[in-house]
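Below: the structure, in structure tokens.
Please treat every number below as a calculation from the coordinates, not as lab data. Predicted, not measured: the structure shown is a model, and the values here were computed from it. Please note: Cβ atoms are built from the backbone with ideal geometry, for glycine as well, and neighbour counts cover all protein chains shown.
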Amino acid sequence: MPRSLTRLCHILVLLGLLNIPAYLFATHQRAAEITFRHLSGLTYEITLISYTNTLSPVNNSRNYLEIGWGDGTSDLIPRVQSIFLPDTIRYNKYLGQHTYPGPSSSPYIISCEDPNRNLGIMNIPNSVNIPMYIYSELTISPYLSYDNSPILLVPPVDNACVGEPFYHNPGAYDPDGDSLSYKLVTCLGDNGLPIPGYFLPPPANSCHINAVTGDFSWISPPQQGEYNIAILIEEWRNGIRIGCVERDMQINVVACNNRPPVIDSIADTCVEAGHTLRFPVNAHDPDTTNIVTLTALGGPFILTQSPAYMDPDTAQAQGHVTSVFYWPTICGHVKRLPYEVYFKAQDNGSPVRLVDIRSLMILVIGPRPLNLATSPVANSITLSWSPYSCLNAKGFYIYRKSDSTGFVPAYCQTGVPAYLGYSRIAVINDITATGFIDDNQGAGLSRGIKYCYLVTAFFADGAEGYASNEACAELKKDVPIITNVSIKNTDNNLGSLYLAWSKPTQLDTIQAPGPYKYLVYRSLSDQPAQYTLIDSLFNINDTIRPDTMLNTVGNSYRYRIDMYNLTPGNFFFIGSSQPASSMFLTLSPSDKRMRLHWTNNVPWNNTSFTIYRSDAFDGIYDSIGFSILPSYVDRNLVNGTPYYYRIRSWGSYSSGGFVNPIINYSQKTGGVPVDNVPPCPQILGDSVICKEFTNYLHWKNPGDTCGTDIAKYYIYFSPSSGGKPALIDSILNPADTVYIHKQFNSVVGCYSIIAVDSTGNRSDFSNAVCVDNTACPLYTLPNFFSPNGDGINDLFVPIHNSSVDHVDLQIFDRWGRLVFKTSDPAINWDGNNMGTKSACSDGTYFIVCNVYEITLSGIQERRIQGSITILR
């Protein structure tokens, strides 16, 4: 007798002697999960936690479990801890280490399959014979730092009462600060496949998990029994999924006369690093005689430095209980993502102690930089602030805008919100820095602008702290400041503009007592380095200079005012204004519309623009619209009709002492709307009539986002999927959106269409619709025919004959003699021997047929072998 059979007999005899049901040796797994942590290099420690049925003697033999590492190898890892719990539950902890061969383009799947689950799981048919398969995914990538899986702080076995709400949270905490998401998945069995017949606990529409917090609710269990669910906890880093842990957990539902306790609502909150967060947590039980125990779990409680705590740590009271949450935060607690805390209230009801769970998000925010101050120096502004209190931060962000906002961060508001209009102008990668000089990246800042600043600290994981106080400053008004560059007359040669500036009001008259001189420079706006001196003015109050004899039709002009001190013996250059350019309007004609664009290169802030239009160049210009951007679209125009435009800007300097508002005009220019908008690509579909080798094409216009004046359609065809489409026909009726294409022996090919409007604008190609030979039944032969001249089934012809180029068909009699051959796909054999011309006798004949089928990839050969019976 073979040794394996002998061993089996011994086991069966032993079972009979002990009178123990056989399934107990293979039924024990209640719940399990696998987590991992990085040790060094490519070495990781894997922890497998399982909860088993203590009634199963097989527990005693489960000192090792086999782990698949996901790299093609596996090992047995030892059980290092075992604890017997109430309700026939045993806690088991297995540990193992593994060194991976290197980074991988896909995650390593760390898995364990252990036969079998415990008997009688209500939502897993035949659970006693179904293995438990659990897994985690580990990503090792050269582009990511090493990963540690989430730690699950709440056990995966729980109890519930029939008819009462059940709540659970896995208590996941990610030590790397990665974002976590949660979803319910199907429990897995053989080879990691979904278990056939598995279903969510009934009623399924009442089982839900919060994808953000991980709170699972079941409202409410209708029937006693044990149920298993699987929760997939996924890790995300910078928006990329990097790993997951699958938890397979068990819920034991029993009948009981008890109601669960209730934890009072707790709102998510924030705390500034270095401050202590404190708030009370209250719970009550509607069964007022019950004892309620209040506890807490979560990331803040397992931190090595300054962890959170509850006072009292485990609070107990009859009917109503209160405990106070404390967390003395430090700089090392700052993270981009919030910490999650789980509060659990449990009563002492019998036979099941019911619970309520509340999760709370706590964001630890970096402190604000203190005492931000500004000081103008020449054409720059110097920022300073106090040394930052959190040296684990990486550096500072510098934000700037013109004019103040009075912004004070809200309690949980990090960084600088976009709605304020601030721009980030610098990043300082030195957390010990206490200052910054803003010189507009070497170009210098502008006079007349009130510059305001905010500073924030940023951390390694992308967290940004509270914004500093807002600090503002203005440069001294000690140089000329241009206020107007406005086109007065539009002409190719006789154009003119109005140039004006504000004189300096904060000159150092001791150093520069005067008299003074202005030098006025001009350049073309597209040649800013080629300034030409156009005037010299010797009166400080002379701040207007009309500029004439210009080509304002084709050019925009740029101006700069230099100022000199002319004190005898003390002649020197005082400074220059910021340059300013005239607005230049450009038109882009389109179908029944005109797109307007204009330049806006000035040192002041233009807050709005008025658009004027006329039907004649020198006509009356009326306002037709407003814009806060240097662009506008004038719609509902008549194609072929000329329209003329000019723009008025409305702006100001953010500091005082200037003309307000500052108004300037562009040149006049005209254009003619023209239909240059092609139709949209059409949406093409098709249907096939196989027997007629016919394809019916049909299409529709996707909408009015493109031109709608369609005049005709062009039909394109290619016999292969990679071929160049060729024009095969056109349709001159734009309302006709159906086309019938009939081929000789095939339906195979790819179609697309182009729509053309009344002025010849062509749309892009529509989507390509391809029909392969599989759209119709493949070439098929019958297995009998009756060539007896009665007009019924007299010829041997294919049952299906679509998309075949040719065949190589041979028919043999039972002695292997060839009686017929053809290359015609239609065959049309009349049952006569092609050599003797005499009728073949009734009986079976053998067919060998190579079919050369037309496909989108070209002609492909397929062999058919079989038999045909002649019955006359």
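Descending by average beta-carbon neighbour count within 10 Å, the peptides 622-635, 684-697 line up as 684-697, 622-635, the highest first.
Remark: the range 808-822, residue by residue, has Karplus-estimated 3J(HN,Hα) of 10, 10, 10, 10, 10, 7, 5, 9, x, 8, 6, 10, 7, 8, 6 Hz, where x stands for each Gly or Pro and the curve is 6.51 cos²θ - 1.76 cosθ + 1.60 at θ = phi - 60°. Of the three principal axes defined by the Cα atoms of the range 507-566, the extents in descending order read 45, 21, 14 Å. Taking a straight line from the alpha carbon of Lys401, these lysines sit under 20 Å away, with near neighbours fewer than eight places off in the same chain left out: Lys450, Lys476, Lys477.
Shape of the range 140-273 from the C-alpha gyration tensor: oblate (a/c of 1.5 or more and a/b not above b/c, with a ≥ b ≥ c the square roots of its eigenvalues). Taking Cα centre as origin and charging only the Cβ of basic (Lys, Arg, +1) and acidic (Asp, Glu, -1) residues, the dipole magnitude of the range 679-834 rounds to 220 debye. Given axes a ≥ b ≥ c from the Cα gyration tensor, I'd like to know whether the range 456-563 is rounded (a/c under 1.5), prolate (a/b larger than b/c) or oblate. Because a/c hits 1.5 or more and a/b fails to exceed b/c, the range 456-563 counts as oblate. Listed by chain and number, the lysines whose C-alpha is less than 28 Å from the C-alpha of Lys592, apart from same-chain residues fewer than 8 away, are Lys668, Lys700, Lys712. The chymotrypsin sites (Phe, Trp or Tyr not before Pro) found in the range 521-555 that occupy coil by DSSP, while having at most 13 further C-beta atoms within 10 Å, are Phe538. Computed from the Kirkwood radius of its Cα pairs, the Stokes-Einstein diffusion coefficient for the range 179-222 at 37 °C and 0.692 mPa s stands at 276 µm²/s.
Distance from the Cα centroid of the range 753-784 to that of the range 812-872 is 32 Å (rounded to whole angstrom). Comparing Val128, Ile110, Leu76 along the charge dipole axis of the range 71-159, the residue lying farthest to the positive side is Val128, per the Cβ-charge model.
Since only Ala418, Ile437, Gly514 are under comparison, the one whose Cα sits farthest along the positive direction of the charge dipole of the range 417-522, derived from C-beta charges on Lys, Arg, Asp and Glu, is Gly514. In a DSSP loop and with at most 15 other Cβ atoms within 10 Å, the chymotrypsin sites (Phe, Trp or Tyr not before Pro) in the range 181-232 are Phe199. With a/c under 1.5 counting as rounded, go ahead and sort the range 462-511 into rounded, prolate or oblate using the C-alpha gyration tensor (a ≥ b ≥ c being the square roots of the eigenvalues; past the cut-off, prolate if a/b is larger than b/c, else oblate). Oblate. Eigenvalues of the alpha-carbon gyration tensor of the range 517-637, scaled by 5 and square-rooted, set the equivalent ellipsoid semi-axes at 37, 14, 13 angstrom, largest first. If you wrap the tightest convex hull around every Cα atom of the chain and split its volume per residue, you get 315 Å³. With kT/(6 pi eta Rh) evaluated at 20 °C and eta = 1.002 mPa s, and Rh the Kirkwood radius from Cα pairs, the range 384-490 diffuses with a coefficient of 137 µm²/s according to Stokes-Einstein.
Note on the chain: with charges restricted to the Cβ of Lys and Arg (+1) and Asp and Glu (-1), its dipole about the Cα centre is near 1320 debye.
Every Cα-Cα pair in the range 707-843 was counted, and those over 24 Å apart are 52% of them. Computed on the Cα atoms alone, the convex hull of the range 649-727 gives a volume of 230 cubic angstrom per residue. Three semi-axes describe the equivalent ellipsoid of the range 257-337; taken as square roots of 5 times the Cα gyration tensor eigenvalues and ordered largest first, they are 29, 12, 10 Å. Ranking His741, Leu193, Pro702 by Cα position along the charge dipole of the chain, where only Lys, Arg, Asp and Glu carry charges on their C-beta atoms, puts Pro702 farthest toward the positive end. From helices alone, the chain scores -500 deg cm²/dmol at 222 nm; the rule is -39500 (n - 2.57) for each run of n ≥ 4 DSSP H residues, then divide by the residue total. On a C-alpha basis, how far is the centre of the range 116-195 from the centre of the range 248-317 in Å? Whole number, if you could? Here the two parts' Cα centres lie 23 Å apart. Centroid-to-centroid, using Cα positions, the range 369-426 and the range 662-735 are 53 Å apart.
The value of relative contact order for the chain, using C-alpha pairs under 8 Å at least six residues apart, is 5 percent. Over the range 267-411, the fraction of Cα-Cα pairs per 5 Å bin, rounded to whole percents and listed from the shortest bin up, is 2, 8, 15, 16, 13, 11, 9, 8, 6, 5, 4, 2, 2, 1, 0, 0, 0.
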